[in-house]
Amino acid sequence: MHLRRLLPVLSLLCGLGFLSAATAEETPGASQVIDMNSGEWDGIVNIDVSVLFPDYREPWNAGQPSGGSGTGFLIGKNRFLTNAHVVSNATKIVIRTTNDPQPHPARIVHVAHDCDLAIIEAEDGAPFEKMRQLTFGGIPKLNTEVIAVGYPIGGDRISVTRGVVSRIDFRTFSHSGVDQHLAIQVDAAINPGNSGGPVLQGGKVVGVAFQGYSGSVAQNVGYIIPVPVIQRLLKDVEDGRYDHYVDLAITDFPVENVAQKKALRLGDDGVGVMIADVEPAGCAAGVLQRGDVLLSMDGNPVLNNGLIRFEGELMDMNEVVERKFAGDTLKLSLLRDGKKSEKEIKLTRFSPYVRLGSTYNQRPRYLVYAGLVFQPLDRNLMDAHQVRDPVANYLFDNYLTDKIYVERPEPVMLTTVLSDEVNTYFAAYAQSIIDEINGMKIRNLQDVAEALKKEDARKDFIVIKLIEKGRPLVLRRDLAEAAHPRIMKTYGIPEDSYIGSEEE
């Protein structure tokens, strides 16, 4: 996850079309059934998944059941690698091979939503003990051929699609919608069902198929997750848990104008990029400042355009951070007010960033009181409710840029008003952001629960102030308390809250 190019990339996606994980329309490409008798691709399996999509409109409901399929491949003893989006929100997972139609129940071992990868295992690994494990190669060169192997369009037989590597760059991973990592663009068709399958070159895995453009945006443009991202996941989970990607939580500004270089006292060697902003909750806070010029990362010079030569290739400078883990240190050389200095940062995950991305395998959090439904503001909620309120959209869109998370780590929205005589005329205030309840500032959903507690009440009325709304909502406490169980029964709500935690 990286802040420096978030807005331009999201604009690009909106402008060009839909970039989807395993949901692209079928695109033309050379595909053929391959002979499984050779055993060359014996370790590639079909994954069928039953899923339950959470209901963010009526969060007390179980959700909407559905299903899908993808591909995976054996990377260790009873360990299969696939995409996170293939197994997200799964209630049942089964794996099959072409030569064995018997479904084998499986379960998730590790899932990394930020890089769209997951490791699953069969509940009974015995049938796969003699299966050939696939091995990893490196990053393929531009204009070299690769093949994507999998079970596209729900087919029962394995197939292969050939293509050429056309670009290696940082891309937004559509599974979370915000995380950016190294990705490889190929002109092989990446169709539904290919997701999670290996992309091979010279008999070795050089990536995992995971997303592609749909519709008339582009033809035969697919993306694969390269080996460095895969190997980072495997290294991260060696201790039995996944600790997520770390982030500097900074934005930078290219320094390519001659006058800018002179003003910042830079030389003519093409080195140095300016720090445009530093997130106060990020690991660089207190170390880096706006206006600093970053010269190198772990000894690798940072060029004026934000690129860095890393492992022999020109890459986005964040690739240095990409290879790090929680708790690792990063050595920086910078220029501040014309003076050079050395700094060291202990890397951590930047939690406020997570709220802007899609989340999975989590129960929606909510609180219902007297027909008023309160929910924390996040991407899942915004998408489910098709929020049009300008204040809510402003808070979500500027959650990072305006540092809204400092005062409101978890903005809370009044999403719905369940009609009853006690809340007459309140419907117009749905999709409003809560500011205060009886004088208590609302920073998260737990604050709403605390503010509404009857035993803490010292007033006969509940006064709810909304951001940028002139008139507060006012409830008579005795009438609200009497109406609450009636509303719960009328609307078939089994429990009036699931608070959970912000860290879920």
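We did not get these values from a lab; they are worked out from the coordinates using the rules stated. Bear in mind the structure is a predicted one, so any value in this text is a computation, not a measurement. Counting neighbours? That spans all protein chains shown, and the Cβs are built from the backbone with ideal geometry, glycine included.
Below, the figures for the structure above:
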quantity: Ratio Rg/Rh, restricted to the chain and using Cα atoms, in which Rh is the Kirkwood radius; calculated: 1.02
quantity: Extension gain (nm, one decimal) between L234 and S341, 0.36 nm per residue minus Cα-Cα; calculated: 35.0 nm
quantity: Cα convex hull of segment 365-498, projected area averaged across orientations, nm²; calculated: 7.9 nm²
quantity: Length-normalised contact order of the chain in % [C-alpha pairs under 8 Å, at least 6 apart]; calculated: 12 percent
quantity: Which of V412, P494, G439, positive extreme of dipole for segment 402-504 (C-beta unit charges); calculated: G439
quantity: Total charge dipole magnitude, segment 42-128, about the Cα centre, Cβ charges on Lys, Arg, Asp, Glu only, Debye to nearest 20; calculated: 40 debye
quantity: Calculated [θ] (222 nm, deg cm²/dmol) that DSSP helices of n ≥ 4 give over the chain, each run adding -39,500 (n - 2.57); calculated: -4000 deg cm²/dmol
quantity: Relative exposure of C115, C283, judged by other C-beta atoms within 10 Å (fewest first); calculated: C283, C115
quantity: Pairs of lysine residues in segment 301-459 - Cα separation under 23 Å, sequence separation of 8 or more or cross-chain; calculated: 11
quantity: Net length gained if the chain between R162 and R132 were fully extended (0.36 nm per residue, minus Cα distance); calculated: 8.6 nm
quantity: Label point distance in nm, K441-R323, each placed 7 Å from Cα along Cα→Cβ; calculated: 4.3 nm
quantity: Fully extended contour minus Cα-Cα distance, from E450 to A263, at 0.36 nm per residue; calculated: 62.1 nm
quantity: Calculated FRET efficiency for the pair S50/Y498, C-beta based, R₀ 30 Å, to 0.05; calculated: 0.85
quantity: Per residue Cα convex hull volume in Å³ - calculated over segment 207-291; calculated: 215 Å³
quantity: Segment 42-128 - percent relative contact order, Cα under 8 Å, separation 6 or more; calculated: 28 percent
quantity: Estimated translational D of segment 250-348 in µm²/s (Stokes, Kirkwood radius over Cα pairs; 20 °C; 1.002 mPa s); calculated: 158 µm²/s
